[in-house]
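Coordinate-derived values only; no laboratory data. Just so it is clear, the model here is predicted, and its values are computed rather than measured. Here the Cβ is made from the backbone with ideal geometry for all residues, glycine too, and neighbour counts use every protein chain on show.
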Amino acid sequence: MLTSAVVGALACQVDSYLDTFETVVVSCKPVEFLPVKNGKKSKVIVPTEDAAYEVEFKDTILFPEGGGQPSDHGMILAGGKEIPVLAIRRESLTALHKVQTPLEPDTKVKMELDWKRRFDHMQQHSGQHLVSAILDQMEVPTLSWSLGEKMSYVEIPRKLTEEEVLSVEDRCNNVISQGLDITVEVPDKDLVKKDKLPDDYDQERGILRVVHIGDLDANPCCGTHLKNTKEMNAISLLHQVGIRGANSRLYFLIGDRVRAYAREMNTLTRSLNAKLSCQTEEIETKITKLDSQMRDSYKSEKQWMAEVASLEAARIKTELAECKKVYVYRPEQSTLVYFNMLMAELKLEPGSGVVVLACGTGKTGGALVVIGDNADKVAAEIRDAGVVKELKGGGKGVKWQGKVMAWEKGEPETLSAFVSKL
């Protein structure tokens, strides 16, 4: 009976530069998932061919998610078919490959790695080790890290000063230029820090690896890594975001992502140049000026809205005295700013009647507010009648407030007719 290589000694970990590989299927099982039924989870096995399967191979060049590094992507070539590998996960010491086509045990296959994705992950992961090594020298430990699609971060126990960020970046790039070798060692298990291993990893049967960056750093790690720091090309430390008290997430880019980010920012800057009709060095000044103008406009708008609200409140009170129900629709408004002013002016007394306020238009939606006598019951009638299909909200007694997710064609007019018949 075939057995598979254990995670820690997979082909992708022994040689992270392999991009094709021939191997054999050990097992293939439908993915098990836990749907919720009546508040309880029940395990169901999906047997259909269009569902997902998890395949265990004798060995693999496709890295399973772990150590903060996402899983690889790749292709399985078997029997003339190309079968995409959607994800790989680790279950104890076994790498399981998620595919949508079942594979028979003992089938010989060829694997092809998505090398561009892998090399990017190697740059980011090796780069994270370097960033963390420099931070360790400053007595700033790395608490966790995440490899994102566009940028990654390390979480540290405090925010760095701008001077510290620049210093770390310079020191990292200096190490890159030195071309230090990155090597993997499998030392005696008693010498490895067990606190950095996953709880479900079999330490006795597994392979414990330590990744070295020259003499600068040595850290337990299951991931795939570069051979030399020069392959990182460059490191750019970006912004920080506070999290969990005093902790900070320090975002960074490594290697090819630095160039991609530079191109993206250049495209964005040129777009801003065109839209703001200014040079790059003038952007901040121009935006500050526009922001000031917008604040002045908003202040002026609120003054006009307050005056209109006062006049409209008087009109509504007059109509309520005649028919006890009023409908107001403001398609140009998408928020409750104006309606809040209007309600403050109205100050409806019990027995005055009911007012239905609606705003917004089309797919952007808007809001619906019912105030006055039996507002909650009127809102329930509107909702039960299906007059406004995409309506969510709640309230009691004299006020009901809801959000209209989207206005369908003709709904504001239908609502007007519905209110008139109440």
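The residue among T318, L253, T107 whose Cα reaches farthest toward the positive pole of the charge dipole of the chain, with charges on the beta-carbon of Lys, Arg, Asp and Glu, is T318. Helices in the chain, meaning DSSP H runs of at least 4 residues, each add -39500 (n - 2.57). Divided by all residues, the mean residue ellipticity at 222 nm is -11000 deg cm²/dmol.
Relative to the Cα centre, the charge distribution of the chain, modelled as +1 at Lys and Arg Cβ and -1 at Asp and Glu Cβ, gives a dipole magnitude of about 1620 debye. Summing +1 for each Lys or Arg and -1 for each Asp or Glu among the other residues whose beta-carbon sits under 14 angstrom from that of A313 gives -1. Taking 7 Å steps out from each Cα toward its Cβ at L268 and K396 produces label points 4.6 nm apart.
How large is Rg/Rh for region 303-420, to two decimals, with Cα atoms and a Kirkwood Rh? My calculation of the ratio gives 0.94.
When each of T414, T161 is scored by the number of other beta-carbon atoms lying within 10 Å, the sequence from fewest to most is T161, T414. The ranking of L18, L166 from fewest to most other beta carbons within 10 Å of each one's beta carbon is L166, L18. Among the listed pairs K325/K363; K116/K159; K317/K409; K399/K421; K324/K399, which have their C-alpha atoms separated by more than 22 angstrom in this model? Beyond 22 Å: K325/K363; K116/K159; K317/K409. Phi angles across region 281-295 convert, under the Karplus curve 6.51 cos²θ - 1.76 cosθ + 1.60 with θ = phi - 60°, into 3J(HN,Hα) values of 5, 9, 4, 4, 5, 5, 5, 4, 5, 5, 5, 5, 5, 5, 5 Hz, Gly and Pro given as x. Ordering M75, M305 from the fewest to the most neighbouring beta carbons within 10 Å gives M305, M75.
Amide H contacts under 5 Å for A95: V7, restricted to partners 5 or more places along the chain or on a different chain, H placed in the peptide plane at 1.01 Å from N.
Write down the percent of antiparallel bridges among all DSSP beta bridges whose residues are both part of the chain, to the nearest 5. Looking only at bridges with both residues in the chain, the antiparallel portion is about 95 percent.
Whole-percent P(r), the chain, all Cα pairs, 10 Å bins from 0: 4, 15, 17, 15, 15, 16, 12, 5, 1, 0.
Where both partners of a DSSP beta bridge lie in region 303-420, what percent of those bridges are antiparallel, to the nearest 5? In region 303-420, DSSP labels about 75 percent of beta bridges as antiparallel.
Spacing of the modelled spin labels on D256 and K289, each 7 Å from Cα toward Cβ, amounts to 4.2 nm.
Residues whose amide H comes within less than 5 Å of that of W145, counting only those at least five positions distant or on another chain, are E155 (H built at 1.01 Å from N in the peptide plane).
Here the extension length gained between K230 and E112 equals 39.9 nm, from 0.36 nm per residue of separation less the Cα-Cα distance. Simple spin-label estimate for A246 and E149 gives 3.6 nm between the two label positions (7 Å along the Cα-to-Cβ direction from each Cα).
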